[in-house]
Amino acid sequence: MLSTRGAAAVTPSMAILRGLAPDGGLYVPAAFPQFTLQEIASLASMPYVQRAHVVLSRFLPDFSAKELKDAIAGAYGTGFDCEAVAPLVRVGTRAHALELWHGPTLAFKDMALQLLPHLLTLSARKNGEEREILILVATSGDTGKAALEGFLDVPGTSCCVFYPKDGVSQAQQMQMVTTGGRNTHVIAVNGNFDDAQSGVKRIFADPAFAAKLDAEGKVLSSANSINFGRLVPQVVYYFSAYADLLASGSIAPGDEVNFCVPTGNFGDILAADYARKAGLPVGRLICASNENNVLTDFIRTGVYDIENRPFYKTNTPSMDILISSNLERLLFDLSGCDGAYIARLMGDLSQKRRYAISAEMLEAMQARYWAGYAEQQAVCEEITRTWREDGYLMDTHTAVASAVLRAYQAQSGDARPGVIVSTASPYKFGASVLGAIAGSGACEGLDDFACCRALCARTGVPEPEQIAKLPSLPVRHKAVCGKADMAQAVLDAVCG
Ligand SMILES: *Cc1c(COP(=O)(O)O)cnc(C)c1O
């Protein structure tokens, strides 16, 4: 694997163990495996876990077949509510939805965070790291629970999550504080998300803290989305979607498919690009944003500009983001693997809060990508329309992609099959979905759980057990700390 900023190459397991390269760059494959159409067609008759094995073994050559088989079985076995793991569902006649939310926390982060702990512990072993790995996470809601569930009772690891005390939804807080397991810790911070995030960054940068942990036989690591171990599991489901289209006779081997992806940190859509680079017949990658549409402008103009750009809090909170860290991997690819050039662009971003790519890079990007955005009102209308016309209930993030795919199809006349990447269960954002379908008055006076029950009563779409049972689960994590006391809170939690 190479660093996007030019540091020395390492093995995949080392890239996963390190997360970030020593020069601050992100790890990318030095060369992409190449799947033939015949190999891709053979996936059609396989279950998801076997598809995952075929794809991952080619991207992670320093992992043995047995290691990957066990890791995949551990990740996608019992935690998912259907054997398809990532089922492809028809949405009317215009599209398919690739549902990535059948895991334990009902959002697509599970696809990567269920596998990452296994890859990380294997990577540690391969590289002589014998200490227990302590994962530290600051969360604004969703990532924390997905990390907790992923690392829950995984031997050789523990996971400590900080969330802003009054800064997450009631359902999100309950999801986290009711987590079981012997190695999970959840701590509320008296402060906002930035306080929690800064506190975690300070702990990572503190050598005295590292020494204290080392004395206890522990070492810090991160489950951040820049880790290649979070990206590579996401490549699998694009192959799987294509295999499902083959299996249903919707396409023939070699036909191209467009994917429309609701985008925040650019990890999910980049994984589709990596599938394409490995030989999957991918047509257009459609990058769907909300009001925070810095990526729409970038893909249309080649200028990434966050100076003077307002930050909107929307009904798609997982996409409320202005700096999409995984974009660096695309830039590296478009530049012909020019690490010095990428280091310069990233320098511009942190100093001038903007950068511009060359005309050739823009042209190459636009040959692969198209971009659009949907505002909150349009998102609500898309949920209502898709429910009414197609009988398909989608969450707000999925609705952004659905609306943008609709706009793309109308404008381009592109008749290739379109797949909407569906990133959350409608019940994960039940209040917004109920408000869209029944009018905002329907949510008045209801908490998140009552909104979900009302949504179920109104639509007949079954409410996932993870949500329904949440109000009755015992609260296991009650720790609260000041924003200056986070390091001590970690030590109190993990060192007993
Ligand atoms: C994280 C997330 C996204 C954005 O995915 P990226 O890989 O960050 O682009 C979209 N939808 C949901 C529900 C998410 O949790």
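The table that follows gives values for the structure above.
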read-out: Kirkwood estimate for segment 172-241, i.e. one over the average of 1/r between Cα atoms, Å; value: 15.3
read-out: Among 457, 317, 491 the positive-end extreme of the charge dipole of the chain (Cβ point charges); value: 491
read-out: Rounded accessible area of residue 387 (nearest 10 Å², 1.4 Å probe); value: 70
read-out: Debye log10 I(q)/I(0) at q = 0.15, 0.18, 0.19 Å⁻¹ for segment 83-214, Cα point scatterers; value: -0.80, -1.05, -1.12
read-out: Accessible surface of residue 333 - all protein chains present, 1.4 Å probe, nearest 10 Å²; value: 40
read-out: Selection from 302, 290, 349 lying farthest towards where the dipole of segment 287-392 points positive, charges on Cβ; value: 349
read-out: Expected 222 nm ellipticity per residue - DSSP helices of 4 or more, -39500 (n - 2.57), all of the chain, to 500; value: -13500 deg cm²/dmol
read-out: Distance between modelled label sites at residue 73 and residue 414, nm, 7 Å Cα→Cβ extension; value: 4.0
read-out: All-pairs Cα distance distribution in segment 211-299, expressed in whole percent, bin size 5 Å; value: 3, 12, 19, 17, 15, 11, 7, 5, 5, 3, 2, 1
read-out: Size of charge dipole - segment 315-394 - debye, nearest 20, with Cβ of Lys, Arg +1 and Asp, Glu -1, no other charges; value: 280
read-out: Dimensionless Rg over Rh [segment 318-380; C-alpha; Kirkwood]; value: 1.04
read-out: Pairwise label distance in nanometres, residue 363 with residue 312, each label 7 Å out on the Cα-Cβ vector; value: 3.3
read-out: Point-charge dipole on Cβ atoms (K/R +1, D/E -1) for segment 260-311, about Cα centre, debye to 20; value: 280
read-out: Segments 403-414, 284-295 sorted - mean Cβ within 10 Å per residue, highest first; value: 284-295, 403-414
read-out: Dipole axis of segment 70-151 (+1 Lys, Arg; -1 Asp, Glu on Cβ), positive-most option in 128, 111, 92; value: 92
read-out: Solvent-accessible surface ranking, highest first, for 358, 45 at 1.4 angstrom; value: 45, 358
read-out: Normalised per residue, the volume of the convex hull around the Cα set of the chain (Å³); value: 142
read-out: Mean separation of Cα contacts under 8 Å, 6 or more apart, over the residue count of the chain: relative contact order %; value: 19
read-out: Total charge dipole magnitude, segment 179-222, about the Cα centre, Cβ charges on Lys, Arg, Asp, Glu only, Debye to nearest 20; value: 120
read-out: Taking segment 400-496 and dividing mean pair separation by its residue count, relative contact order in percent (alpha carbons under 8 Å, at least six apart); value: 17
read-out: Nearest-10 value in Å² for the accessible area of residue 398, using the 1.4 Å probe; value: 0
read-out: Relative packing of peptides 106-119, 195-208 - highest average C-beta neighbours within 10 Å first; value: 106-119, 195-208
read-out: Gyration tensor verdict on segment 288-409 (Cα atoms; rounded if a/c is under 1.5, prolate if a/b is larger than b/c, oblate otherwise); value: prolate
read-out: Accessible surface, 1.4 Å probe, highest first, among residues 329, 476; value: 476, 329
read-out: Sequence-distant lysines (8 or more away, or on other chains) whose Cα lies within less than 29 Å of residue 352; value: 201, 313
read-out: Stokes-Einstein translational diffusion, segment 1-157 - Kirkwood Rh over all Cα pairs, 0.890 mPa s, 25 °C, in µm²/s; value: 143
read-out: Two-site label geometry, residue 447 and residue 208: point separation in nm, points 7 Å out along Cα→Cβ; value: 4.1
read-out: Rounded accessible area per residue of segment 351-396, 1.4 Å, Å²; value: 53
read-out: Mean separation of Cα contacts under 8 Å, 6 or more apart, over the residue count of segment 91-152: relative contact order %; value: 40
read-out: Nonlocal amide H pairs with residue 5, under 5 Å, H built at 1.01 Å; value: 25, 26
read-out: Calculated over segment 144-286: convex hull of Cα atoms, volume per residue (Å³); value: 162
read-out: Segment residue 14-residue 337, length gained on full extension (0.36 nm per residue, minus Cα span); value: 114.3 nm
read-out: For segment 344-465: rounded, prolate or oblate by the Cα gyration tensor [a/c cutoff 1.5]; value: prolate
read-out: By average C-beta atoms within 10 angstrom, highest first, the peptides 374-381, 230-237; value: 230-237, 374-381
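The values are calculated or read from the model by the stated rules, or taken from the named source; none is laboratory data. Treat the numbers as computed from the prediction; the structure is a model and nothing was measured. So basically every Cβ, Gly included, is an ideal-geometry build from the backbone, and we count neighbours across all protein chains shown. Side chains are part of the model used for accessible areas, which takes the heavy atoms of the whole protein and leaves out ligands, DNA and RNA. Shrake-Rupley method; radii C 1.70, N 1.55, O 1.52, S 1.80 Å.
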